[in-house]
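Enquirer: Provided herewith is a single structure, encoded as structure tokens, for subsequent inquiry.
The values are calculated or read from the model by the stated rules, or taken from the named source; none is laboratory data. As the structure is a computational prediction, the values presented were derived from the model and not from experiment. Here Cβ is always computed from backbone atoms with ideal geometry, including for glycine, and neighbour counts include all displayed protein chains.
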Amino acid sequence: MGTDDTPTVILDVANDMFEISGRSLPEDVAAFYNPIIDWVEKYNQSPKVKTVFNFKLVYFNTASSKMLLDILMKLEELFHAGKDVLIKWHYAEDDEDMKEAGEEYADIVDVPFEQVAVA
Amino acid sequence: MMGTNKKDVKGYLEFVYEFYQSMKEHEISLVYEGEITHQITKAFTSLTESNMAKEEESNLVQKKVFHVMVECLQNISKHADDFGSNDFMFSGRGIFLVAKGKDDYSVTTGNAVDNSKIPDLKNLLEQVNSLDKDELTELYKKQIKEGRLSDKGGAGLGFIDIKRKTGRNLNYHFLPINEDTSFFLLTSTISRVA
């Protein structure tokens, strides 16, 4: 479960649920995100036929932004390995900054990317 | 400072009143001096958030102030151990102020830095200040992509983020403390009118 400074992370292969949501400004970004990055790397060795990864962040600091990119790059590897991968980037429809953040990530990584505006 | 001498006490209390008046005059709503930790960062951001919510500040302005506060405070807390010293000036301590004016919020930090770091800091700040919105976006993307960050996050990305979120230049000033160190002051403003 997320806290006021760390996001909620769901990595549930059985139910096809992959999601990072909430706020991200952990005290130690590496300690928080490295296990997630490692998990995705492991998952890539025996992935599902299709992987839909949801990002539902309302805030992340710059220290987290690099770690989020690392996760996206792992998913890019999966896509380059010929697997079906989709990133869904959810943002509040009035949150221009979060929308732009999604667009920037979509520019950087080569992986199917869908922007989802939430009312 | 707090002697038993009545005159001393009176002088001190008069100073406190002047300090209070000075804060009012500069519209300072939060001032802190001391160690800047993750807990302090969380406490100040949540305090400021609830004040802004109470004053019915727009969500957009609240978000921007939050962003700037976090990046400014983390600049100090993350570089706390760079000096490898327990000296009070070098242990992630500093001052932190939030002021609320009619048109803007301002977030100001001050902390001791080793003089050897000043040229890099100045270059970074001047670079960020010289770039427009699109150029900043490109620089931001380049920096996170190349991973040119320490595991501490890197001040560069924080400065870029502040300018992108506020659309305004970062003002800074270095004042000498002694021959090896200076006091680094940094202030950012956030418009209250969207």
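Enquirer: Show the residue pairs meeting these rules: Cβ distance below 6 Å; 6+ apart or different chains; first residue within region A:107-119 and polar (S, T, N, Q); second residue outside any loop (DSSP other than H, G, I, E, B).
Expert: That search, which allows pairs on different chains as well, returns A:GLN115/A:TRP89; A:GLN115/A:GLY102.
Enquirer: Counting only residues that are of a type in the set (Asp, Glu) and within 25 Å of B:ILE76 (Cβ to Cβ), which one in region B:45-63 is farthest from the other protein chains (Cβ to nearest Cβ)?
Expert: Per the criteria, the residue is B:GLU57.
Let's see how each residue does on (1) outside any helix (DSSP H, G or I); (2) free of Cβ contacts under 8 Å to residues at least 12 places away in the same chain; (3) within 23 Å of B:LYS100 (Cα to Cα); (4) of a type in the set (A, V, I, L, M):
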{"residue": "B:LYS7", "(1), (2), (3), (4)": "no, yes, no, no"}
{"residue": "B:GLU14", "(1), (2), (3), (4)": "no, yes, no, no"}
{"residue": "B:GLN21", "(1), (2), (3), (4)": "no, yes, yes, no"}
{"residue": "B:SER46", "(1), (2), (3), (4)": "no, yes, yes, no"}
{"residue": "B:VAL65", "(1), (2), (3), (4)": "no, no, yes, yes"}
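Enquirer: Kindly provide the set of residues from region B:39-66 that are surrounded by fewer than 19 Cβ atoms within 10 Å (Cβ to Cβ) and basic (Lys, Arg), ordered by number.
Expert: Residues satisfying the conditions are B:LYS42, B:LYS54.
Enquirer: How many of the residues in region B:26-44 are outside any strand (DSSP E or B), away from every other protein chain (no Cβ under 12 Å) and among the aliphatic types (A, V, I, L, M)?
Expert: Total satisfying the criteria: 1.
Enquirer: Tell me the residue from B:ARG192, B:ARG164 that is at pLDDT 90 or above, surrounded by 15 or more Cβ atoms within 10 Å (Cβ to Cβ) and away from chain A (no Cβ under 14 Å), please.
Expert: Result: B:ARG192 is the single residue among B:ARG192, B:ARG164 that is at pLDDT 90 or above, surrounded by 15 or more Cβ atoms within 10 Å (Cβ to Cβ) and away from chain A (no Cβ under 14 Å).
Enquirer: Considering only region A:97-110, I want to know if a residue exists there that is assigned to a loop (DSSP other than H, G, I, E, B), within 14 Å of chain B (Cβ to nearest Cβ) and at pLDDT 95 or above.
Expert: yes
Enquirer: Using the structure shown, decide if A:ASP5 is within 13 Å of another protein chain (Cβ to nearest Cβ) and either more than 30 Å from B:ALA43 (Cβ to Cβ) or surrounded by fewer than 18 Cβ atoms within 10 Å (Cβ to Cβ) (or both).
Expert: It is false that A:ASP5 is within 13 Å of another protein chain (Cβ to nearest Cβ) and either more than 30 Å from B:ALA43 (Cβ to Cβ) or surrounded by fewer than 18 Cβ atoms within 10 Å (Cβ to Cβ) (or both).
Enquirer: Inspect region A:11-31 for any residue being within 19 Å of A:MET98 (Cα to Cα), within 14 Å of chain B (Cβ to nearest Cβ), part of a strand (DSSP E or B) and of a type in the set (S, T, N, Q) and give the result as yes or no.
Expert: Within region A:11-31 (the criterion being within 19 Å of A:MET98 (Cα to Cα), within 14 Å of chain B (Cβ to nearest Cβ), part of a strand (DSSP E or B) and of a type in the set (S, T, N, Q)), the answer is yes, since at least one residue qualifies.
Enquirer: To continue, here is another question. Out of region B:25-38, which residues are surrounded by 10 or more Cβ atoms within 10 Å (Cβ to Cβ) and over 30 Å from A:PRO26 (Cα atoms)?
Expert: B:HIS26, B:GLU27
Enquirer: Can you tell me which of (1) under 27 Å from B:VAL70 (Cβ atoms); (2) touching a strand residue (DSSP E or B) at 6+ places or on another chain (Cβ under 6 Å) is the one A:MET17 doesn't meet?
Expert: Checking A:MET17 against (1) under 27 Å from B:VAL70 (Cβ atoms); (2) touching a strand residue (DSSP E or B) at 6+ places or on another chain (Cβ under 6 Å), the one that fails is (1).
Enquirer: Then there's this: Of these, A:GLU27, A:GLU19, A:GLU41, A:GLU93, which one is surrounded by 16 or more Cβ atoms within 10 Å (Cβ to Cβ), among the charged types (D, E, K, R) and over 22 Å from B:ILE160 (Cα atoms)?
Expert: The conditions single out A:GLU19.
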